[in-house]
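As structure tokens, the structure follows; a few thoughts come after it.
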Amino acid sequence: MSRGVVRKVLRGQRSDVFRVRENSLELYLPWLDAQWAAGQHNGAELWRFLKSHGFRGCLRVVTEWAARRRRAEKLGASTLSRAPSARTIARLMTIGRDYLSRSDTVTVAVIEAGVPLLVGAREIIASFQAMVRKKSLADLAPWLERARTSLVASFANGILKDMAAVSAAITSPWSNGQTEGQITKLKLVKRQMYGRGKLDLLQARLVGAS
């Protein structure tokens, strides 16, 4: 745009510059969705019917819409035909719903419908995470009673075997983050030496550098 047009826009004298092009199918989308659900997937037939009811768009607009719908359904069917791995299911069931893509959301819905016990397991895991974040030790015993009859029973039994450490982890402000960080640094330096990181060389590199 020229400087004069921009000046008129800033002064409020013009607003037609920012007009958005409307989709010619916008008014007919509900009818198209209904026809598609009824089994009418021929783009040319849909276009001829729309044209007889006042649609002024060309055949290509309707056929491209039909092609997009066909590709979306084919992609969804191929995605759901492959059973995801256990690690993928665990990731999808524990990640926040706001961070799921459209295909992941469909996959989660299919998993929940097929295995309802996973829904309860996800709620139990989420409550455990909330308990740790809030440092609410009083909720640990009720949580264990609920978890011992669910799919995460083995996890609950592991907590029972090490109750003192878990209680300290919930109530104590300390963590082993610093230790894990040092171990990660040590492994990184060792791998940088391409298998030559013996004890004396690691000590010279790490202790000498510090």
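Since every read-out is calculated from the coordinates, none of them should be taken as a lab result. Since this is a predicted model, take the numbers as computed values, not measurements. Note: ideal-geometry Cβ built from the backbone for every residue, glycine included; neighbour counts use all protein chains shown.
Structure summary
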| read-out | value |
| --- | --- |
| For the range 86-171, size of Cβ-based charge dipole, Lys and Arg +1, Asp and Glu -1, in debye | 140 |
| Ranked Thr88, Thr184, criterion: other C-beta atoms within 10 Å, fewest first | Thr184, Thr88 |
| Order of Tyr28, Tyr194 under a 10 Å beta carbon neighbour criterion, fewest first | Tyr194, Tyr28 |
| Furthest towards positive pole of dipole, Asn42, Pro173, Ala90, structure part the chain, Cβ charges | Asn42 |
| Neighbourhood charge, 14 Å Cβ-Cβ cut-off, centred on Ala66 and excluding it, Lys, Arg +1 and Asp, Glu -1 | +3 |
| Over the chain: helical MRE at 222 nm, DSSP H runs n ≥ 4 each giving -39500 (n - 2.57), nearest 500 | -21000 deg cm²/dmol |
| Percent RCO, i.e. relative contact order, over the range 57-166, from Cα pairs under 8 Å lying at least 6 residues apart | 17 |
| Relative contact order (%) - the chain, alpha-carbon pairs under 8 angstrom, separation at least six | 9 |
| Cβ-based exposure ranking for Arg71, Arg48, in which fewest neighbours within 10 Å come first | Arg71, Arg48 |
| 10 °C / 1.306 mPa s Stokes-Einstein diffusion coefficient of the chain, Kirkwood radius on C-alpha pairs, µm²/s | 65 |
| Cα-centre dipole for the range 118-210 with unit charges at Cβ (Lys and Arg positive, Asp and Glu negative), debye to 20 | 480 |
